[in-house]
1. Tally time: how many residues in the stretch 207-225 are in a helix (DSSP H, G or I) and either farther than 15 Å from SER169 by Cβ or of a type in the set (Lys, Arg) (or both)?
2. Which one is farthest from ARG219 (Cα to Cα) among residues in the stretch 160-180 that are touching a helix residue (DSSP H, G or I) at 6+ places or on another chain (Cβ under 9 Å) and within 16 Å of the ligand (Cβ to nearest atom)?
3. Give me the pairs: first residue in the stretch 77-89 and hydroxyl-bearing (Ser, Thr, Tyr), second residue surrounded by 15 or more Cβ atoms within 10 Å (Cβ to Cβ) and assigned to a helix (DSSP H, G or I), beta-carbon distance under 9 Å, and six or more apart or on different chains, which are they?
4. With the requirement that a residue be under 19 Å from ILE125 (Cα atoms) and out of contact with any Leu (no Cβ under 8 Å at 6 or more places or on another chain), what does the stretch 57-73 give you?
5. Would you mind telling me which numbered condition in (1) of a type in the set (A, V, I, L, M, F, W, C); (2) under 22 Å from GLN258 (Cα atoms); (3) touching a Cys at 6+ places or on another chain (Cβ under 8 Å) VAL39 fails?
6. Could you grab the pairs with beta carbons closer than 8 Å, sequence gap of 6+ or different chains, first residue in the stretch 31-60 and among the hydroxyl-bearing types (Ser, Thr, Tyr), second one part of a loop (DSSP other than H, G, I, E, B) and at pLDDT 95 or above?
Amino acid sequence: MAEKDIHRIAVLTSGGDAPGMNAVVRAVVRMACANGIEVLGINRGYSGLINNDFRKLTARSVDGLLQRGGTVLYTARCAEMMTTEGQQRAADNCRYLGIDGLVCCGGDGTYRGALSLARLGVPCIGIPGTIDNDIGCTEYTIGFDSASNTAIQCIDKLRDTMQSHERISVVEVMGRRAGHLALNVGCAVGAAAVLVPEHEGNFEHDVIEKIRRSRINGRHHHIIIVSEGYSMTTQEVADRVQEETGMDTRVTILGHIQRGGSPTARDRIIATQMGSYAVHALMEGKEKRIVAVQHGQIVDIEIEEALEMKKTLDEALYNAEQSISI
Ligand code: F6P
């Protein structure tokens, strides 16, 4: 595709933060600088665009960002960006600031904002950044691996004390309405049961019977992972487990700790690849795309099409976990 004349681009992070977002910012800035393009960092997602809250970024100002958790650009969920007035103001500000293209890192809400701007003439490229890995068009979202590893480290520690006291640990993992993070974590910690919204199934069979059977087999501590989107609350799960098995049960809600920390190698690398790809996409004249991983390759997809795509749980992994956790 022909190279487009681009002088200045902007980058923002929006929605819930995810480890690796800073690595995206760094890659965008460095790749732009390498091609003689100026970069503005927009603070607080779309709210910064609406309120002209930005700073100039240079190759040196992003030093040290690769390994840093959170996002130095701050992030926000911006209600104003859902209104036509807010969208128009953001697009007008882009024109006023001479922004030839915008890179937006976040989840579905971020892409809807990008789509509205693209329709108003501002070329936008989205990058999937969320610990939930719940974006339909891509096999992977930046932050998922780091959040999985953070949860795994915490649960490994929990297992030590559960084992000593012969208890059951019921652990709530984030993921909004999707069970990808819970399944990943449950599999990696060898959970007795993983409760996800995609499989509301049979509680008695999937949890209680399983624990009874494995107790008979000589196991005296168990980890149960509950995805935050599951129909029962984590406390309800724990109460029922304690009541029906008679075992001492404790609840742990991992919460926002899963969103923090230094990104893993996988997140640093994919953030670098996607950030670089996004700058090239703008240089090639692409205007309304999302960077995604499909069949292990980095590709880009039309935003409207991407928003229509649904992601299903990895059923093979779920079935393997169900069979192995005996
Ligand atoms: O989308 C990321 C996420 O951490 C979800 O897993 C969770 O449901 C939500 O954000 C929490 O949002 P907040 O930071 O607004 O409490």
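1. Within the stretch 207-225, residues that are in a helix (DSSP H, G or I) and either farther than 15 Å from SER169 by Cβ or of a type in the set (Lys, Arg) (or both) number 7.
2. Within the stretch 160-180, the match that is farthest from ARG219 (Cα to Cα) is GLY175.
3. Listed by first residue and then by second, the contacts come to THR84/SER116.
4. Listed by number, the list holds a single entry, THR71.
5. (2)
6. Sorted first by the residue in the stretch 31-60, then by its partner, the pairs are TYR46/SER14; SER47/ASP53.
The values are calculated or read from the model by the stated rules, or taken from the named source; none is laboratory data. Bear in mind the structure is a predicted one, so any value in this text is a computation, not a measurement. For neighbour counting, all protein chains shown are included, and Cβ atoms are generated from backbone atoms with ideal geometry for every residue, glycine included.
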